[in-house]
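Novice: First the structure, then my questions, so here it is.
Bear in mind that the values in this text are calculations on the coordinates, not laboratory data. Everything numeric here is computed off the predicted structure, so don't read it as measured data. Quick reminder, even Gly has a Cβ in these numbers, built from the backbone with ideal geometry, and neighbours come from all protein chains shown.
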């Protein structure tokens, strides 16, 4: 039985189901929660970049008004480091020793009656240090290098031979800077212990991981921990790990015997919950004079922390990007005295694609070829690394449809050849193939006698539209009106789900929902299939389809019975089924499961005297497989485009030499686009439902950002003739 | 963030009362719009033991005279920007106001407070940084060896390179505005050109105000009706951002000859920077791009750039040249 209503590409553009709650301020974000007797915790950060704590004098803080407790490594007691996760090791357990690995590292937590008292007392914790020299530069020879950190380095053919056979070789190095996730909602943890059970409300993108990690940190059985995160104030990846402050809040609650809330301050959001790490990438591309790639060699070096890891596969993106017989991609990390980086929207992909797509543009210039034509000629019609057909790929359609929407044919090839009044005009393009990701996931579906349904899974809504698309999907799979379906997310008591990350949530949860609903429909049918009074008597699952709040026999709409009727006659108030879905391996599928594809077209305008640079237009054409909700999907791409403009033109967390202190750790100083920086943005979807999963979707949470920065950089070259090989591109570089 | 340190709050009903309250304790501060004061208190940079709320004092409103305005110090930025005489006779003042901050902030921020706003330098504003001569005299300057892309290149000293952030003050200093203040020892008038202090050895002293003195009004001469003026602000993002460089220019022309010129720079100096050398080059000369270039050179004479902000010397000149081309209409 397939319960999809049809291979429609675009789902209804419904408004957010939780929209009214959010705009009315009634969505319970963790920052808004309060419990009787709740205390407030404020973390104290290290003011050196490397060394040891030689002494802590907390006496002034402890005797300050309202202070209940000051936790340091001297009194925190042992905590376990949580086990390895699918994204690598867990953060080190906090306050376990005197070693300082980075500026801003939590060295104490002050717990007081009020937030103001805790904040004030936090300034009274006097920490003395033994300084060591902090290692802060990627190129510092003292920095330990991790090679092939994720086992994803790729190799095919013979790159040296490919380069030797090339008519043209470009060899370029690109630099990217530290960027910060900084969702609007500062990360917040509220912890309380009730009858030996640790209850946590938290800003997380991964309730299931937090559940197991917190249990491990406190050596508790899983049933003694609950994580609740029904609403999270954005993430961009910041909520993908179980951060030390989460553990510290739970510890503070255990120590004081009262509920405790900890809200990271805005400056702490720059050091305590990850960031996109700076990197240096070298690209070699070889091509014949007619524009056929002969070699791709991509080497990436990114920053990581001393005592922690992060997942940032960067060069990897080049392995499957183009049809080219010879390719080698290699990732390296340098261990530095910095706060640990972490996935930020499009981790690895955003930066890796930036370098690749700039290099492709540079190759096009060297070849004297239209960069669109160069990309079309090297389109990877099969997966170049796996040698399998793609589950779906509309890259060519993205490029061609985008060119048409954008008016690429108006582009004159010469740099500095286009103007609008006094402004230099440049057109730039980047192609994107976003890495596929999907993980094992479970969901639970319930129909009730009143004709409503409740479906849930422990995935999280971070503003991405998850509630809305899962309500739509469940309604479709059960044949109910969307108004009759509610969806639960973000609680660890729900069936386990992977992270809201890697652009994999919708396909993962959606596939599990598909399975849960399939089972539920089967269970409902089983109640009546042997009942001669039922119009569905004698039906097998293959004979029925869902619709109008019940089941009907295919081809005979008169033989229909509602869920309410079926459950009522069976004397059941509700019926529940659980489903789980695991992605098949490519070899089993006989095809390479594809992530989303996209083409990004950008027009920039540059003031030739003042270097002022603005993005005037951006067109994104995306193959995201089946789009469950056109409005949510378009919003994802628009939001990603704005993030990409920030990455391209504005965003850089600047740090001090010597300490690594982030010197612009406020949203007044770390600048992101404002409305005046955001141009007209056009989004279109192409492609077909993807056959690699039962619901036909591909992840689109990150592809909106990826490709914008290189399209800008390429447009800046076209406008000015200046090739800027670092981000962000600021006006001083164009003077 | 929340104001953390306990402080006394006093709402003054009269100017004399405000001054009296200010003199009664050592670390009192006046509170007007609060858009700088409260931020800095929340960050623990300013820790006054007493805040004297002056927002109820009769210091608002704009007096219109034939040749000048007298702007009450509590006039908000939006109110001044909306003034029709400002729009007609001081258009670059209006431009400077409307390119500052956001409308929400401009509805709160006062003109007196704008003149006294503190630098955005993060070494000043982050109290976890040990070195800042402005915040902790004698402790050193973190910006000189640290992140200083946005720091000043003019009016600096080895003790401080913090940029003055005001746009409005750049135009007002070019107009020879006068600050009226009142204190325990009476009232006085200070020309804005003599109001600000470059950092020298003690960057904690930023202006000529004596302890407890209160700005009551700013007297702003009007430009001649035939004058043309322009405030050009160049910044990293398109809005809601401080200047990397700005130029306030007002000229009176006879044909292509510049009869009178007023020039000031913002975003590049430790104080609103009146460019008298540039004015001297321009005054009485035939407008030309070559002349503008000479004037721009003169405006940045003595600049002391550092590696990350060296571009500002060039950017300031280009900004000024563009502004001059714009007001004179001469582009060759």
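Novice: Give the peptides A:444-450, B:12-18 in descending order of average Cβ contacts within 10 Å, highest first. Write down the numbers at each step before the final one.
Specialist: Working: A:444-450: 21.4, B:12-18: 15.4.
Going from most to least packed, we get A:444-450, B:12-18.
Novice: Shifting gears a bit: Percent relative contact order of chain A, based on C-alpha pairs within less than 8 angstrom and at least six residues apart?
Specialist: On the way: 1991 pairs, mean separation 124.8, N = 735.
Dividing the mean separation by the residue count of chain A yields 17 percent.
Novice: What is the distance in Å between the Cα centres of region A:71-128 and region B:12-37?
Specialist: Between the Cα centres of region A:71-128 and region B:12-37 lies a distance of 40 Å.
Novice: In what sequence do A:631, A:22 fall when counting other Cβ within 10 Å, fewest first?
Specialist: On the way: A:631 17, A:22 14.
Listing A:631, A:22 from fewest to most nearby Cβ atoms yields A:22, A:631.
Novice: Using a Gaussian network model on chain B with a 10 Å cutoff between Cα atoms, which of B:246, B:288, B:174 fluctuates the most?
Specialist: Among B:246, B:288, B:174, the largest mean-square fluctuation in the Gaussian network model of chain B belongs to B:288.
Novice: Follow-up question, since we're still on this one. Take every Cα pair under 8 Å in region B:1-56 that's 6+ residues apart, average their separations, divide by the length, and report that relative contact order as a whole percent. Each step should come with its number before you reach the end.
Specialist: Numbers: 82 pairs, mean separation 29.5, N = 56.
In percent, rounded to a whole number, it is 53.
Novice: Still on this structure, I have one more. Helix B:311-328 versus the longest principal axis of chain B: what angle, 0 to 90°, nearest 10, using Cα atoms?
Specialist: Between helix and principal axis, roughly 60 degrees.
Novice: Just from its helices, what would the mean residue ellipticity at 222 nm be for chain A, if runs of 4 or more DSSP H residues each count -39500 (n - 2.57) and the sum is divided by every residue, rounded to the nearest 500 deg cm²/dmol? Show your work: numbers first, answer last.
Specialist: On the way: 16 runs with 166 residues, N = 735.
Result for chain A: -6500 deg cm²/dmol, rounded to the nearest 500.
Novice: Something else about it: Between helix B:15-24 and chain B, what is the angle of the helix's C-alpha long axis to the longest principal axis, kept within 0 to 90° and rounded to the nearest 10?
Specialist: 60
Novice: Angle check, please: helix B:289-299 long axis (alpha carbons) against the longest principal axis of chain B (alpha carbons), in degrees 0 to 90, nearest 10.
Specialist: 30
Novice: Here is a follow-up. Please average, across the residues of A:658-664, the number of beta carbons from any other chain that are within 10 Å of each residue's own beta carbon, and give a whole number.
Specialist: Details: counts 3, 4, 0, 8, 3, 11, 6.
Across the residues of A:658-664, the mean count of other-chain Cβ atoms within 10 Å is 5.
Novice: What whole-number distance in Å separates the alpha-carbon centres of region A:346-398 and region A:622-654?
Specialist: 19
Novice: As a footprinting exposure proxy, order B:119, B:171 by other Cβ within 10 Å, with the fewest listed first.
Specialist: Details: B:119 26, B:171 30.
In order of increasing Cβ crowding within 10 Å: B:119, B:171.
Novice: Between the alpha-carbon centers of region B:195-222 and region A:271-295, tell me the distance in whole angstrom.
Specialist: 53
Novice: Could you put A:620, B:157 in order, starting from the residue whose Cβ has the fewest other Cβ atoms within 10 Å? Numbers along the way, then the final one.
Specialist: Numbers: A:620 30, B:157 18.
Going from sparsest to densest Cβ surroundings: B:157, A:620.
Novice: Pairs of alpha-carbon atoms within less than 8 angstrom and 6+ residues apart define the contacts here; what relative contact order does region B:228-328 have, in percent? If you can, show how the numbers build up before the last one.
Specialist: Numbers: 197 pairs, mean separation 29.2, N = 101.
Relative contact order, region B:228-328: 29 percent.
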